[in-house]
Amino acid sequence: MDKQGFTTSIVHGDRIAGTEFGDVRQPIHTSVQYGFERVEDLIGVFQGTRKGGFNYARQGTPTTAALERKITSLEEGVGTVCFGTGMAAITATFLTLLRAGDHLVSSQYVFGNTNSLFGTLRGFGIEVTTVDAGDAENVKNALRPNTRMVFVESVANPGTQIPDLQRIGELCRERAIAYVVDNTITSPALFRPKAVGASLVINSLTKTIAGHGAALGGAVTDTGAFDWSAYPNIADDYRRAAPKEQGLLQIRKKGLRDMGASLSSEHAHSIAMGAETLALRVKQSSDNALALARFLEKHEAVGKVFYPGLESHPQYGIAQALFKGASWLLSFELRDAGRMAEVVNALKLPIKATGLGDTRTLIIPVAPTIFFEAGAETRKAMGISDGMLRLSVGIEDIDDLIADFSQALKAAG
Ligand SMILES: *Cc1c(COP(=O)(O)O)cnc(C)c1O
């Protein structure tokens, strides 16, 4: 069949790949064990010579495998491994591909828990340098002979900074360094990191891919761009696979089988259902976010607005050139930070909650909650002011959102 569009391929993927009774979506397979008529087949699954088989659900089930195929197709990659959460996918990527004595360069603007994980990596003897990746020169200057990996987020949460994605990709290709892009905020509906030479793409499936705040999951997708045969940290056992498959095979075996942060079939099913409407939801929530950003930017009670769809955003040009939309993540500051509680409490629609990529709009003051433990110094380095409010814009009707913000900002003077 000709190459299909984003949404066509996801809504027909299960049926076309084949299901037992003509199910239009992959059923929820709850078995932990998989049995075989002939012992030779059992041995073949363990040794990897019998393709597509399952042996123990920690390493995957037909339901998680169906989701992996969907994510691979959305990212136009060569393969995907799913995990129980986005953090599990990130942790597995670092711990399976880096060793003591290796060096990792990361954007300084990353998800708070990822930043906290860097402390754990340092404890294991992995050096981590964080830089302002908005300028690829900063990444270049941080590289050392033992740098194995560069890590960035397509759009940083919560400050919405965008790295120089294209030039960092070129740099990593020249130096044969693995380039890992966390695509959670843009999702493949707005951006495919493969287009800028990413080796691996991470998605927290919990967010906009599942979309309804009802399931946790994470994924690592190999784009096929990186030559793993030249990567020093692949174990001999996995060198036998084709060069393109070696990285993901090691992530699956060590990260999923040995570390065990597996995705359940129930959650994989729920995520796959949400993914069917990914492009539709992201279009609506991104359009809403842009309209709301424009409204807030003009409002006299509002100070700075951080949104890559605004001409005032420092990386507006990159967002225009690379993304189909500027996403649903929007942060802003009130002119009078002292009115924060008043304004937030006056809002009727946005839910005062953490979380991202939901169908409903969520709002949270960043410094006293998700970045509280990080401390003032780290917050400053990550560009987070005491008054920053983060919005995950949902799919509500835009007139209702604007009316609600309008009354809340007025109520607070
Ligand atoms: C939420 C998030 C994660 C972690 O995902 P979980 O599924 O919550 O573990 C990683 N990266 C980014 C950018 C996120 O927003």
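The values are calculated or read from the model by the stated rules, or taken from the named source; none is laboratory data. Keep in mind that this is a model prediction, so the values were computed, not measured. Neighbour counts are summed over all protein chains in view; Cβ atoms, including those assigned to glycine, are modelled from backbone coordinates with ideal geometry.
So which strands (runs of 3 or more DSSP E) stay within segment 116-198 end to end and still have 1 or more residues that are buried (at least 24 other Cβ atoms within 10 Å of the Cβ)?
Filter on segment 116-198 gives 147-153, 178-182.
So is residue 73 within 30 Å of residue 197 (Cβ to Cβ), modelled with pLDDT under 95, assigned by TED's automatic domain parsing to the domain that holds residue 152 and assigned to a helix (DSSP H, G or I) or not?
In short, no.
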Quiz item: Taking interchain pairs and intrachain pairs at least six residues apart, which have beta carbon atoms under 8 angstrom, with the first residue in segment 393-413 and within 20 Å of residue 356 (Cβ to Cβ) and the second among the β-branched types (Val, Ile, Thr)?
Solution: 393/361; 394/359; 394/361; 395/359; 396/361; 401/361; 401/393
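Yes/no per residue for (1) in contact (Cβ under 8 Å) with a residue 60 or more places away in the chain; (2) at positive phi; (3) among the polar types (S, T, N, Q); (4) assigned to a loop (DSSP other than H, G, I, E, B):
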position	(1), (2), (3), (4)
7	yes, no, yes, no
12	no, no, no, no
26	yes, no, yes, yes
46	no, no, no, no
53	no, no, no, yes
Quiz item: In segment 270-289, which residues are among the small types (Gly, Ala, Ser) and either modelled with pLDDT under 95 or farther than 11 Å from residue 326 by Cα (or both)?
Solution: 270, 272, 274, 275, 279
Exercise. Please give the number of the condition residue 339 fails out of (1) at pLDDT 95 or above; (2) assigned to a helix (DSSP H, G or I); (3) crowded, with 17+ Cβ neighbours inside 10 Å.
Key: (1)
Exercise. Would you mind finding the one in 66, 100 that is assigned to a loop (DSSP other than H, G, I, E, B) and more than 15 Å from the ligand (Cβ to nearest atom)?
Key: 100
Quiz prompt | Checking residue 91 against (1) in contact (Cβ under 8 Å) with a residue 12 or more places away in the chain; (2) farther than 22 Å from residue 199 by Cα, the condition it does not meet | solution = (2)
Self-check item: Given (1) within 13 Å of the ligand (Cβ to nearest atom); (2) touching a residue at least 60 places away in the same chain (Cβ under 8 Å), index of the condition residue 231 fails
Solution: (1)
Quiz prompt | Matching entry among 290, 263, 310 (being free of Cβ contacts under 8 Å to residues at least 40 places away in the same chain, part of a loop (DSSP other than H, G, I, E, B) and not hydroxyl-bearing (Ser, Thr, Tyr)) | solution = 310
Exercise. Please tell me if residue 159 is out of contact with any strand residue (DSSP E or B) (no Cβ under 8 Å at 6 or more places or on another chain), assigned by TED's automatic domain parsing to the domain that holds residue 230 and over 30 Å from residue 4 (Cα atoms).
Key: no
Practice problem: Test residue 189 against the criterion of being more than 16 Å from the ligand (Cβ to nearest atom) and small (Gly, Ala, Ser), and give yes or no. | Solution: no
Self-check item: Residues of segment 350-371 that turn out to be assigned to a loop (DSSP other than H, G, I, E, B) and either crowded, with 16+ Cβ neighbours inside 10 Å or under 22 Å from the mean Cα position of the chain (by Cα) (or both), as a count
Solution: 15
Quiz item: Looking at (1) outside any helix (DSSP H, G or I); (2) in contact with a helix residue (DSSP H, G or I) (Cβ under 8 Å, 6 or more places away or on another chain); (3) within 24 Å of residue 61 (Cα to Cα), can you tell me which one residue 233 breaks?
Solution: (3)
Quiz item: Out of all the residues in segment 159-176, is one or more modelled with pLDDT under 95, within 14 Å of the ligand (Cβ to nearest atom) and not acidic (Asp, Glu)?
Solution: yes
Quiz item: What single numbered condition from (1) in contact with a Phe, Trp or Tyr (Cβ under 9 Å, 6 or more places away or on another chain); (2) modelled with pLDDT of 95 or more; (3) away from the ligand (no atom under 16 Å from the Cβ) fails to hold for residue 58?
Solution: (1)
Quiz prompt | Residues of segment 242-260 that turn out to be without any contact (Cβ under 8 Å) to a residue 40 or more places away in the chain and more than 12 Å from residue 96 (Cβ to Cβ), as a count | solution = 2
Practice problem: For residue 387, state whether it is of a type in the set (Gly, Ala, Ser), under 26 Å from residue 189 (Cβ atoms), touching a helix residue (DSSP H, G or I) at 6+ places or on another chain (Cβ under 9 Å) and surrounded by 14 or more Cβ atoms within 10 Å (Cβ to Cβ). | Solution: no
